[in-house]
Structure formats: structure tokens, C-alpha cells
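**Student:** Structure in C-alpha cells, see below.
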Amino acid sequence: MLRPKSDPRLSSCFLIGLFLSLSASLYSAEKLNVILIMADDSAVDNYSCYGSDFFSSPRIDSLADTGARFNYCYSEPVCTSSRVKIMTGRDGVRNYVNFGILDKGETTFADMLKSAGYATAVAGKWQLHAEPNGSLPEDCGFDSYCLWNFPGTTLDRYWNPSLNQNGKILETTEEDYGPDIVSDFIVDFIETNQDRPFFAYYPMILVHNPFPETPDSQPTTAEEAKFSKGLKNYRDMIAYADKMVGKLVDTVDRLGLREKTVFIFTADNGTNRTLSYPFRGSERTGEKAFATEGGYHVPLVVNCPTVVPAGIVSNDLVDFSDVLPTLAELSGAELPDVALDGQSFWPQSLGKAGNPRQWITQYYYPKYKPAAEKHGQGVRNREIIWSQNQYYKLYQDGSFYAVADRHEVDSIKLGEATAFAEKTRKMLQKAIKSVPQTGQMLNAEAGP
């Protein structure tokens with residue numbers, strides 16, 4: 001039987017199709033996984049890799065030692081502001097609505113990575129769904145979730161926790177510990193998606209108050225008897241948060257994914273105001289909700305063996321709006337077509353010069369009214385806008401401080417500073433004028 005001659009065009013199309021298929025598979029195989037971990041209420045001085053001699057965080061320290069540690073990362077002073085900014089890459093002056101709200105119209109980093117072929121999940125604390133236009137995970141690009149502070153859940157987050165997993169309230173007991181459940185969810189997500197690129201966002205339940213004992217808490221020692229029970233348990237909670245980080249690192253190690261998985265660890269704002277704790281011979285008190293240094297100076301560690309070189313210590317400025325562009329660069333994802341305020345710090349994570357920020361600008365509308373007493377302007381005298389670099393900080397109202405003046409006691413008067421300080425003041429004035437001077441989406445009627 002005579003066989004029909006093959007059509008060279010079909011052969012060519014087949015080869016082209018095979019090449020594209022193989023190229024797509026190769027591209028997918030080369031994508032880096034991302035696990036973004038954000039502790040709740042924990043300033044930079046709560047970690048031993050940032051100089052603490054009171055708190056211990058060996059697993060996070062190991063990520064810092066074998067990766068990149070950024071010394072000047074700034075979140076926002078309270079949770080909603082930080083969560084909206086880190087997820088959208090946009091400063092709050094553009095998209096902050098009110099406490100507990102992430103506007104449904106915003107494009108998030110999960111939307112971006114999902115469009116680039118990533119499986120996406122979020123587990124931990126949500127608190128972004130408030131009326132009138134708050135968001136749920138499915139509005140934000142997440143395929144699956146296990147969350148506290150979510151429709152249908154109660155206030156219980158630690159023992160006998162109230163968690164919503166993919167639309168169902170979990171049945172838990174007094175023996176169940178919330179941080180274990182949500183971290184197990186992420187482990188399951190990683191295992192399920194180990195053969196494709198994945199993005200796991202872990203906004204931790206830890207280490208927010210209340211401060212109960214953890215599963216690893218031991219009887220109070222003589223040394224710990226000098227501290228309040230809250231502080232003793234808080235130190236245990238820092239250690240347990242560190243353990244949860246290690247749990248996820250061990251998971252990707254076990255699955256052989258360690259060298260293609262980027263870990264990013266940070267925190268959403270400063271330490272709880274009720275806590276005072278030792279720090280290298282001095283005592284510090286938590287400054288959560290205040291626009292002072294302790295309210296929003298947070299850790300930032302980036303790790304991925306063979307990709308991120310070991311031992312990088314960067315003194316470049318990083319703002320939470322920078323996280324989304326960084327994820328875009330490391331993943332090859334296309335940036336959202338909106339006005340963004342961030343810029344990638346991925347080059348610095350690789351030991352390159354990159355394009356360091358000269359300043360950051362911040363917008364803050366505090367739920368905690370005393371935080372606005374000193375510098376609040378605009379709507380209800382609550383809007384606080386400032387710009388800063390590593391050395392100086394300028395508020396919209398003209399108040400000018402050295403960053404080293406942690407509690408902003410001594411405002412530097414015009415003409416009474418060094419030439420370097422005055423040059424910095426002018427730069428920061430220009431930065432403040434470059435952004436909107438009042439919140440563009442603020443709904444002051446929606447909250448206190």
C-alpha cells in the first residue's frame with residue numbers, strides 16, 4: 001500500500017510546537033517558588049540576627065546567614081496599612097480605605113503570580129474583608145486558604161482556634177493550636193504543588209496578643225521570673241514563630257525544592273505597646289501603631305541557596321511597596337497596569353548594586369487616635385505623611401528628626417543642622433511633594 005507523502009508544513013508545525021512545548025516546560029521548571037512569611041506585631045529588634053540578646057530565632061538567623069539580610073526595611077505602623085501595601089505595591093495614600101479593608105478593585109501579588117502560572121495559597125491572618133468593599137482571598141488571586149479573622153470565625157486564634165479553610169469552619173478542640181494548623185496547611189499546599197511553581201503567603205497568626213503559652217512553653221525559670229508572664233510567653237511565641245519558619249524550610253528540603261524556593265521573612269509592624277523587653281543593655285517598649293522608628297522598622301530576610309549568595313547584608317532602604325515588584329522580577333511575572341510605588345530589591349538580594357532607594361514615603365491614617373496627636377493633618381487631623389532615608393525623617397508638617405532619635409524627642413530646626421542634614425531635608429521635601437497630599441480612597445466614615 002502506498003503511503004501518502006508527508007506534508008513538510010505539518011512536520012515544520014510539529015517541530016515548532018514541540019519546541020514551544022519544551023520551552024514552556026523548561027521555563028516553568030526554571031521558575032522560582034516563593035514562600036512569603038510575615039510575622040504579626042514584631043519589630044526588627046525581636047530577632048537575634050538583628051542584634052537581640054533576649055529573643056532567640058535560630059532558623060531565621062540561619063536564613064539570614066545563608067542569604068540576604070536587609071537592615072532598613074519599613075512596613076507601616078499597623079496591620080491593615082502594611083497588608084494592603086505589601087499585597088498591592090502601592091502606598092496607602094493611593095489605596096488605603098480604612099481599617100480591615102483591602103478594596104476589591106486592587107490587584108495583588110497573588111493576582112500577578114497566578115497570571116504567571118503559579119499556584120497560590122494564603123494561610124494565617126486575613127482581616128481585610130470589612131464593609132463596605134473589603135476583599136476575600138478569591139478576590140485577590142488565591143486558589144486556596146486557611147485563615148483566622150475571616151467571615152464566620154471568632155476571636156480565638158491560638159488554642160481551640162476558629163479558622164475558615166476554603167469556605168468551611170474547621171472543627172477544633174482545646175488541644176489544637178492555630179499556628180500548627182495553618183502551617184500544616186501550607187505544608188500540604190507545597191506538597192500538592194511541588195511539580196509546578198507555587199506562591200505561599202503566610203501572614204502569621206503569631207506573635208500578636210493575647211500572649212498565651214505555646215505548645216513548647218516550659219515552667220518559668222529564675223531568670224524569667226523577673227519578667228511579666230506576658231513577656232515570658234511572648235518570648236516563647238517568637239521562638240515558636242521561628243520554629244514554624246523552620247518547619248517550612250524543612251518541608252522544601254525534604255521535597256528537594258530548596259534551591260528553587262525563595263523564602264522571604266518580614267513582619268507587619270512594631271511590637272505590642274504593652275511589652276517592654278531588654279535589648280543589648282537597654283530596655284525598649286513596643287511602639288505598634290506609632291509612626292516612630294519602633295512602630296514600623298521590621299526584619300527582612302531573603303534566602304534561596306545557589307540563587308541568593310550567603311552573607312549579604314544590605315543597608316539599602318526597602319519599603320513594603322517594594323515586595324510586589326521584587327516578586328515580579330524574580331518570577332518573570334508582568335507588573336499590574338496601575339500606579340505602583342515600589343521598586344525591586346531582587347538585585348540587592350543577589351549581591352548586585354541594583355537601584356537603591358534614596359528615600360521612602362509613608363502615608364498613615366491611624367486607628368489609634370493618640371498616634372496622630374503629634375503630626376496628624378488633613379482628614380480629622382489623622383493623616384500622617386512623611387519621607388525618610390536611613391539618617392533623617394521629615395513629616396508633612398515640617399518636623400524633622402534624625403532616625404537615631406528613636407522617639408523623636410528633638411526636632412531639628414531649619415538652619416541649625418549640618419549641611420548634610422539640610423541637603424537631606426530638601427530631598428525629603430521634594431519626595432513628600434511628589435505624592436498625593438491626602439488619601440485618595442480614604443473612607444473616614446467607615447471606622448473610628
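**Student:** Could you tell me how many of the residues in segment 258-279 are open to solvent by 10 Å² or more (accessible area, probe 1.4 Å) and touching a residue at least 40 places away in the same chain (Cβ under 8 Å)?
**Tutor:** Kept after step one, since they are open to solvent by 10 Å² or more (accessible area, probe 1.4 Å), are these residues of segment 258-279: 258-260, 272-274, 276, 278-279.
After this cut, where a residue has to be touching a residue at least 40 places away in the same chain (Cβ under 8 Å) as well, the list is 258-260, 272, 274, 276, 278-279.
Residues meeting the conditions: 8.
**Student:** Quick check on segment 127-176: of everything there that is hydrophobic (A, V, I, L, M, F, W, C) and more than 22 Å from the chain's Cα centre (by Cα), which residue is surrounded by the fewest Cβ atoms within 10 Å (Cβ to Cβ)?
**Tutor:** Keep residues of segment 127-176 that are hydrophobic (A, V, I, L, M, F, W, C), which gives 128, 130, 136, 140, 142, 146-148, 150, 155, 159, 163, 169-170.
Checking which are more than 22 Å from the chain's Cα centre (by Cα) leaves us with 155, 159, 169-170.
Values: 155: 9, 159: 16, 169: 14, 170: 15.
Restricting to residues being hydrophobic (A, V, I, L, M, F, W, C) and more than 22 Å from the chain's Cα centre (by Cα), the top hit is 155.
**Student:** Among (1) in contact with a Ser or Thr (Cβ under 7 Å, 6 or more places away or on another chain); (2) open to solvent by 20 Å² or more (accessible area, probe 1.4 Å); (3) not aromatic (Phe, Trp, Tyr), there is one condition residue 356 misses while meeting the rest; what is its number?
**Tutor:** (1)
One line per residue, one yes/no per condition, for (1) in contact (Cβ under 8 Å) with a residue 60 or more places away in the chain; (2) farther than 18 Å from residue 327 by Cα; (3) open to solvent by less than 10 Å² (accessible area, probe 1.4 Å); (4) of a type in the set (A, V, I, L, M, F, W, C):
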| position | (1), (2), (3), (4) |
| --- | --- |
| 34 | yes, no, yes, yes |
| 41 | yes, yes, yes, no |
| 45 | yes, yes, yes, no |
| 48 | no, yes, no, no |
| 53 | yes, yes, no, no |
| 57 | yes, yes, yes, no |
| 75 | yes, no, yes, no |
| 78 | yes, yes, no, yes |
| 84 | no, no, yes, yes |
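**Student:** Among the residues of segment 304-334, which ones are in contact with a Gly (Cβ under 8 Å, 6 or more places away or on another chain) and either open to solvent by 50 Å² or more (accessible area, probe 1.4 Å) or at positive phi (or both)?
**Tutor:** 309, 310
**Student:** Report yes if some residue within segment 212-226 is in contact with a Pro (Cβ under 9 Å, 6 or more places away or on another chain) and either among the hydroxyl-bearing types (Ser, Thr, Tyr) or crowded, with 19+ Cβ neighbours inside 10 Å (or both); otherwise report no.
**Tutor:** So far as segment 212-226 goes, yes, one or more of its residues are in contact with a Pro (Cβ under 9 Å, 6 or more places away or on another chain) and either among the hydroxyl-bearing types (Ser, Thr, Tyr) or crowded, with 19+ Cβ neighbours inside 10 Å (or both).
**Student:** Applying the selection to segment 388-399, what residues are closer than 21 Å to residue 438 by Cβ and of a type in the set (Phe, Trp, Tyr)? Talk me through it step by step, then tell me what you get.
**Tutor:** Quick first cut of segment 388-399, residues closer than 21 Å to residue 438 by Cβ only: 388, 393-399.
Result: 395, single match.
**Student:** Another one. Check 298, 249, 245, 307 and return the single one that is out of contact with any Pro (no Cβ under 6 Å at 6 or more places or on another chain), part of a loop (DSSP other than H, G, I, E, B) and of a type in the set (A, V, I, L, M). Can you show your working first?
**Tutor:** Values: 298 fails: part of a loop (DSSP other than H, G, I, E, B); 249 fails: part of a loop (DSSP other than H, G, I, E, B); 245 fails: part of a loop (DSSP other than H, G, I, E, B).
Going through 298, 249, 245, 307 in turn, the sole match is 307.
**Student:** For a quick check of your reading of the model, give me the residue pairs whose first member lies in segment 95-109 and is more than 14 Å from residue 138 (Cβ to Cβ) and among the polar types (S, T, N, Q), whose second is surrounded by fewer than 24 Cβ atoms within 10 Å (Cβ to Cβ) and at pLDDT below 95, with beta-carbon atoms closer than 8 Å and at least 6 apart or on different chains.
**Tutor:** Matching pairs, first to second residue: 98/443; 98/444; 98/446; 98/447.
**Student:** Follow-up. Determine which member of the set 418, 424, 438 is closer than 25 Å to residue 382 by Cβ and among the β-branched types (Val, Ile, Thr).
**Tutor:** Working: 418 fails: closer than 25 Å to residue 382 by Cβ; 424 fails: closer than 25 Å to residue 382 by Cβ.
Answer to the selection: 438.
**Student:** Something else now. Within segment 378-388, is even one residue within 29 Å of residue 283 (Cα to Cα), without any contact (Cβ under 8 Å) to a residue 60 or more places away in the chain and over 24 Å from the mean Cα position of the chain (by Cα)?
**Tutor:** The answer is no; no qualifying residue exists.
**Student:** May I ask you to list the residues in segment 381-398 that are surrounded by fewer than 23 Cβ atoms within 10 Å (Cβ to Cβ), out of contact with any His (no Cβ under 7 Å at 6 or more places or on another chain) and of a type in the set (D, E, K, R)?
**Tutor:** 382
**Student:** Of all residues in segment 399-412, how many are more than 29 Å from the chain's Cα centre (by Cα) and touching a residue at least 12 places away in the same chain (Cβ under 8 Å)?
**Tutor:** Qualifying residue count, segment 399-412: 2.
**Student:** Same structure, new question: Is there a residue in segment 315-329 that is in contact with a Pro (Cβ under 7 Å, 6 or more places away or on another chain) and either of a type in the set (D, E, K, R) or assigned to a loop (DSSP other than H, G, I, E, B) (or both)?
**Tutor:** Yes, because at least one residue in segment 315-329 is in contact with a Pro (Cβ under 7 Å, 6 or more places away or on another chain) and either of a type in the set (D, E, K, R) or assigned to a loop (DSSP other than H, G, I, E, B) (or both).
**Student:** One residue is enough: does segment 201-214 have a residue meeting the conditions assigned to a loop (DSSP other than H, G, I, E, B), free of Cβ contacts under 8 Å to residues at least 12 places away in the same chain and out of contact with any strand residue (DSSP E or B) (no Cβ under 6 Å at 6 or more places or on another chain)? Full working, then the answer.
**Tutor:** First pass over segment 201-214, keeping only residues assigned to a loop (DSSP other than H, G, I, E, B): 204-214.
The next check asks that each one be free of Cβ contacts under 8 Å to residues at least 12 places away in the same chain; those that pass are none.
Taking every residue of segment 201-214 in turn, none turns out to be assigned to a loop (DSSP other than H, G, I, E, B), free of Cβ contacts under 8 Å to residues at least 12 places away in the same chain and out of contact with any strand residue (DSSP E or B) (no Cβ under 6 Å at 6 or more places or on another chain).
**Student:** Among the candidates 378, 447, single out the residue that is at pLDDT 95 or above and open to solvent by less than 80 Å² (accessible area, probe 1.4 Å).
**Tutor:** Values: 447 fails: at pLDDT 95 or above.
So the residue among 378, 447 that is at pLDDT 95 or above and open to solvent by less than 80 Å² (accessible area, probe 1.4 Å) is 378.
**Student:** I'd like to know if segment 181-188 contains one or more residues that are of a type outside the set (A, V, I, L, M, F, W, C), farther than 23 Å from residue 252 by Cβ and surrounded by fewer than 21 Cβ atoms within 10 Å (Cβ to Cβ).
**Tutor:** Just the residues of segment 181-188 that are of a type outside the set (A, V, I, L, M, F, W, C), to begin with: 183-184, 188.
In the following step, the residues that additionally are farther than 23 Å from residue 252 by Cβ were identified as none.
Within segment 181-188 (the criterion being of a type outside the set (A, V, I, L, M, F, W, C), farther than 23 Å from residue 252 by Cβ and surrounded by fewer than 21 Cβ atoms within 10 Å (Cβ to Cβ)), the answer is no, since none of the residues qualifies.
The values are calculated or read from the model by the stated rules, or taken from the named source; none is laboratory data. Just so it is clear, the structure is predicted and the values come from calculations on it, not from any experiment. Note that each Cβ is placed from the backbone with ideal geometry, even for glycine, and that neighbours are counted across all protein chains shown. Side chains are part of the model used for accessible areas, which takes the heavy atoms of the whole protein and leaves out ligands, DNA and RNA. Shrake-Rupley method; radii C 1.70, N 1.55, O 1.52, S 1.80 Å.
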